[in-house]
1. At a 10 Å Cβ-Cβ cut-off, how would you order R12, R104, R4, fewest neighbours first?
2. Restricting to DSSP H runs of at least four residues, report the calculated mean residue ellipticity at 222 nm for the chain, -39500 (n - 2.57) per run over all residues, nearest 500 deg cm²/dmol.
3. What is the extension gain from Q40 to D25, computed as 0.36 nm multiplied by their sequence separation minus the C-alpha to C-alpha distance, in nm to one decimal?
4. Taking neighbour Cβ counts within 10 Å as the exposure measure, how do L6, L48 sort from fewest upward?
5. Which ordering of I113, I33, I10 is given by a fewest-first count of other beta-carbon atoms within 10 Å?
6. Can you tell me the relative contact order of the chain? Whole percent, Cα pairs under 8 Å, sequence separation 6 or more.
7. Rounded, prolate or oblate for the stretch 3-122? Axes are the square roots of the Cα gyration tensor eigenvalues, ordered a ≥ b ≥ c, and the cut-off for rounded is a/c under 1.5.
8. Explain nothing, just compute: Karplus ³J(HN,Hα) = 6.51 cos²θ - 1.76 cosθ + 1.60, θ = phi - 60°, for every residue of the stretch 3-9 in order, whole Hz, x for Gly and Pro.
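Read-outs: derived from the displayed coordinates by stated rules, not from any lab. For clarity, every value in this text was computed on a predicted model and none was experimentally measured. Cβ sites come from the backbone with ideal geometry, for glycine too, and all protein chains shown count toward neighbours.
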Amino acid sequence: MDYRKLFAEIHRRPRMYGLDGSYHDYCTYLLGIDAGNDGQLLTGFTELLVPRVGAGNNLTWVSLVLHLAFPDLTSGWRDEAAGEGKQAAVDLLFSLLDEFFEKRDAPGGTATIFDDYLTWLKAQPWHRP
């Protein structure tokens, strides 16, 4: 299945898939699709996002996308994603997913994503091998 195409269609027409267009609904749907693929579909997505955020290797991709969508907030990301910033969070989510699939599907893609993550991780002052 071409998930890039499916996700673009879900983003464009959420109601056709039983979604209300909220960040929460999209994330729940995507987590379900990932679970239906034995948790392998989004392997590496979190690791792609952590170096961009510069922190949060203990967070899920759901939270990391919100950190990227609202970098000036220190809390209240979920409230912002449900309110006026909803579309910004949703658009960023699908942009990042598209980029993830492009990188993952390139030769050595998943290994490159994890290598970049490990490079970031080893550079952290708190990292202990």
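1. Working: R12 9, R104 19, R4 15.
Fewest to most other Cβ atoms nearby, the residues stand as R12, R4, R104.
2. Details: 7 runs with 82 residues, N = 129.
Theoretical 222 nm ellipticity from helices: -19500 deg cm²/dmol.
3. Full extension from Q40 to D25 adds 3.4 nm.
4. On the way: L6 12, L48 23.
Going from least to most buried by this count: L6, L48.
5. Details: I113 22, I33 16, I10 19.
Listed from fewest to most nearby Cβ atoms, that is I33, I10, I113.
6. Working: 90 pairs, mean separation 33.8, N = 129.
26 percent.
7. Numbers: a/c = 2.03, a/b = 1.17, b/c = 1.73.
Cα axes put the stretch 3-122 in the oblate bin.
8. Each residue of the stretch 3-9 in turn: 6, 4, 5, 4, 5, 4, 5 Hz.
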